[in-house]
1. What are the principal axis extents of the Cα atoms in region 109-167, in Å, biggest first?
2. Determine by what factor the alpha-carbon radius of gyration of region 12-83 differs from 2.2 N^0.38 Å, reporting the quotient.
3. If neighbour count is taken as other Cβ atoms inside 10 Å, put Tyr65, Tyr135 in order from fewest to most.
4. When Glu85, Glu26, Glu113 are ordered from fewest to most other Cβ atoms inside 10 Å of their Cβ, what list results?
5. In region 54-70, which residues have a backbone nitrogen under 20 Å from the label point lying 7 Å from Lys43's Cα in the Cα-to-Cβ direction?
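Nothing in this text is a laboratory measurement; each read-out follows from the coordinates by a stated rule. Everything quoted here is computed from the prediction, not taken from an experiment. Neighbour counts are summed over all protein chains in view; Cβ atoms, including those assigned to glycine, are modelled from backbone coordinates with ideal geometry.
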Amino acid sequence: MTQTSSAGRNTRRRNFGGNPDDLAREIASLSKLGIDELRERWKAMFGKAPSRDISRSFLIRAIAYRLQEKAFGGLKPSTQRLLAEFAHDGANGSALAAAPSRIVQPGAVLVREWRGISHQVSVLERGFCFRSKRYRSLSEVAREITGTRWSGPLFFGLKRSQQESRDGAR
């Protein structure tokens, strides 16, 4: 399975055919190279000279990443598309807002105002706590608050509505 990224490089996913220790040694040896040697290595790997503003530390990390990318494969096509979309949005001047996570960590407190009353829900390891009662899902909590069926993640702002997703509204 060979694919070409927008940068025109091969992103074929494959198992590392060589010795992983050789790759580790090669990456470790980068820290022993001087800045000029790192710039030459960059040019050989990326096809053009790096900007003079790029630090030695960044050169090492970028070259190490490229070595691993060549050995193990590049980003998944879905990740490449997402990054390309962010780059396009940024080039058009729109703010890059990360999509809210659908997974909230235990200990988080979700706050939602509904009809003038602020409701707080604590996220537990398994479920949610609202008014000292445990619930299995946010949708159960949303139903308790509103008296009607709601998507819990949508009600608490963890998920965009289909219309917002389609229209690009936030």
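1. Projected onto its principal axes, the Cα set of region 109-167 covers 38, 27, 19 Å.
2. Values: Rg = 13.3 Å, N = 72, 2.2 N^0.38 = 11.2 Å.
So region 12-83 has a normalised radius of gyration of 1.19.
3. Final ranking by Cβ density, sparse to dense: Tyr65, Tyr135.
4. By the 10 Å Cβ count, ascending: Glu113, Glu85, Glu26.
5. 54-64, 66-67
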